[in-house]
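Read the structure below first, then the notes.
The values are calculated or read from the model by the stated rules, or taken from the named source; none is laboratory data. From a predicted model like this one, the values you see are computed outputs, not experimental measurements. Here the Cβ positions follow ideal geometry from the backbone for every residue, glycine too, while neighbour counts run over all protein chains shown.
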Amino acid sequence: MSFKAPRGTADILPGEVEKWQYVEAKMREVCRLFNYREVRTPMFEYTELFQRGVGETTDIVEKEMYAFQDRSGREIALRPEMTAATVRAFVEHKYDKQPQPTKWYYIGPMFRYERPQAGRSRQFTQFGVELFGTNHPAADAEVISLALQVAQAIGLKRLRTEINSIGCSECRPVYREKLIAYFTPRKDELCADCASRLERNPLRILDCKREGCRAVAKDAPSILDTLCGDCGPHFQAVREQLDAIGIDYVVNDRMVRGLDYYTQTAFEIMSDSLGAQSTVFAGGRYNDMVREIGGDDLPGIGFASGIERILLALEKEQVVMPIDEGIDCYIVALGEGAEKKASELALALRRAGCTVDRDYMNRKMKGQMKAADRLKARYAAVLGEEELSRGTVQIKDLTTGEQEEIEASQLASYIRTQMKQEDQK
Ligand code: ATP
Ligand code: MG
């Protein structure tokens, strides 16, 4: 009998996990700078929340949800995305009654039943932000610039930002009709998915990656010509805000995003170092969702970003992350008495803030020194019966090979002083 992790999932092992920690730490730092606070919600919710919040005609709800009945027959879904969940928490805890704006971020696993491939898995991790309570165009620009600052902080370079406005409940229905009128006579040229979307969600046809559909969509009317008296000027104002802070972007009037809840601004940040799954940050406004989930009529804007994809892009761009896997000191102990003393020394060193390990395999001197190398130890503290009787240790610098004998009680301060001097160099 042998077990494997379920299809579309991955183990993140030591060696790899440090990259995650590094990237996540940068995300947290940037969120702090922009004054976004972390929120953690359950990994599963009532299925209805996503049906309602994300939308029945989206890929996510139509075919990607991990939904099931629990033992009491409740309809439960592993969260496929976070916006609906954060909106639920925002409303449930009455943040909609508080002074606005509310600025939140999250990092955590999402679940979608998709065909696994590079940049696409069934459990994946999203970092994202949500900014509630303002329709100010500077808020749109802030969210986009936060994403770009995260990208910059972690060292991603080859990025493209595309923006669009997808209108509101006022102007989108008008655009919808125009699209239906345009696509209906060309229905035969569309793929089966798109043909079936024609009446339900014609905007999604613009999002189809198939060659045939793209060719037909090329000459479809532009949403930008249909925006209403609110959405047109709002889009213009967002562009001015982006220009004002020097963000490069292109307007892509075919970008509609896969989620139905978006209104007005939609944006994607793509990495030129990735192939087919190139979107690393994707977001937009959702001005109706808080109300639809039962809260006050408050707007929102946010984005989500796949951390797996970010790491893939970092790898493609050969970004070297400053990751230190080594330890400060390995204690080499020989003999029964020395071995007991080793634990005492290790504890004292750890209390003093040094990363320390010791032998548990009863290895001989040579084997313990090898272990020290394997663990990338900076120093080895060697403790034999003689050192034990003298109350000393031999401290060996494993990069220079230099060795000296010092008081065992001085070990912690010795290592700390040496390392501090090195830091200053
Ligand atoms: P796509 O067009 O790639 O399917 P989407 O519209 O489904 O994207 P969103 O729901 O907006 O994507 O998710 C935001 C980000 O989350 C994506 O840009 C991507 O980085 C990441 N993401 C989405 N689905 C997956 C997945 N199955 N595996 C890994 N990352 C994913
Ligand atoms: Mg998708």
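Worth a mention:
- Qualifying residue in the stretch 129-139 (condition: among the hydrophobic types (A, V, I, L, M, F, W, C), in a loop (DSSP other than H, G, I, E, B) and within 16 Å of ligand 1 (Cβ to nearest atom)): no
- Residue count for the stretch 258-269 under the criterion of being within 10 Å of ligand 1 (Cβ to nearest atom) and modelled with pLDDT under 95: the result is 3.
- One residue alone among 151, 118 is within 16 Å of ligand 1 (Cβ to nearest atom), surrounded by fewer than 19 Cβ atoms within 10 Å (Cβ to Cβ) and of a type in the set (A, V, I, L, M, F, W, C), and that residue is 118.
- Residue 144 being more than 24 Å from the chain's Cα centre (by Cα), under 22 Å from residue 284 (Cα atoms) and within 16 Å of ligand 1 (Cβ to nearest atom): no
- Selection within the stretch 370-410 - of a type in the set (S, T, N, Q) and either in contact with a His (Cβ under 8 Å, 6 or more places away or on another chain) or in a helix (DSSP H, G or I) (or both): 389, 409, 410
- Complete set of residues in the stretch 333-386 that are under 16 Å from residue 415 (Cβ atoms) and in contact with an Asp or Glu (Cβ under 8 Å, 6 or more places away or on another chain): 342, 346, 349, 354, 355, 356, 375, 376, 377, 378, 379
- A Cβ distance below 7 Å, combined with a sequence gap of six or more or placement on separate chains, defines the contacts here; from the stretch 112-132, residues that are over 17 Å from residue 151 (Cα atoms) reach residues that are in a strand (DSSP E or B) and within 6 Å of ligand 1 (Cβ to nearest atom) in the pairs 114/120; 124/306.
- Top-ranked residue in the stretch 15-62 [being among the polar types (S, T, N, Q) and within 16 Å of ligand 1 (Cβ to nearest atom); ranked as farthest from the chain's Cα centre (by Cα)]: 57
- Remark: pairs (first residue in the stretch 294-317, free of Cβ contacts under 8 Å to residues at least 24 places away in the same chain and over 14 Å from residue 84 (Cα atoms); second residue away from ligand 2 (no atom under 16 Å from the Cβ) and of a type in the set (Gly, Ala, Ser); Cβ separation under 9 Å; 6+ apart in sequence or on different chains) = 315/273.
- Residue 27 meets all of the listed conditions (1) in contact (Cβ under 8 Å) with a residue 60 or more places away in the chain; (2) touching a Leu at 6+ places or on another chain (Cβ under 9 Å) but one, namely (2).
- Strands (runs of 3 or more DSSP E) fully within the stretch 1-120 that include at least 2 residues being within 27 Å of residue 138 (Cα to Cα): 102-111.
- Residue in the stretch 285-294 that is surrounded by 16 or more Cβ atoms within 10 Å (Cβ to Cβ) and within 22 Å of the chain's Cα centre (by Cα) present: yes
- The stretch 353-367 residues that are over 11 Å from residue 329 (Cβ atoms), paired with ones that are of a type outside the set (Val, Ile, Thr) and in a loop (DSSP other than H, G, I, E, B) (beta carbon under 7 Å, 6 or more apart): 365/334
Yes or no, residue by residue, for (1) assigned to a strand (DSSP E or B); (2) within 16 Å of ligand 2 (Cβ to nearest atom); (3) touching a Gly at 6+ places or on another chain (Cβ under 9 Å):
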| site | (1), (2), (3) |
| --- | --- |
| 256 | no, yes, no |
| 277 | no, yes, yes |
| 290 | no, no, yes |
| 320 | no, no, yes |
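- Qualifying positions in the stretch 279-288 - touching a residue at least 60 places away in the same chain (Cβ under 8 Å), within 16 Å of ligand 2 (Cβ to nearest atom) and under 17 Å from residue 141 (Cα atoms): 281, 283, 284
- Of all residues in the stretch 360-402, exactly one satisfies the criterion of being of a type in the set (D, E, K, R) and in contact with a Cys (Cβ under 8 Å, 6 or more places away or on another chain), namely 378.
- Considering residues of the stretch 147-193 that are of a type in the set (A, V, I, L, M) and more than 27 Å from residue 244 (Cα to Cα) only, the residue farthest from the chain's Cα centre (by Cα): 181
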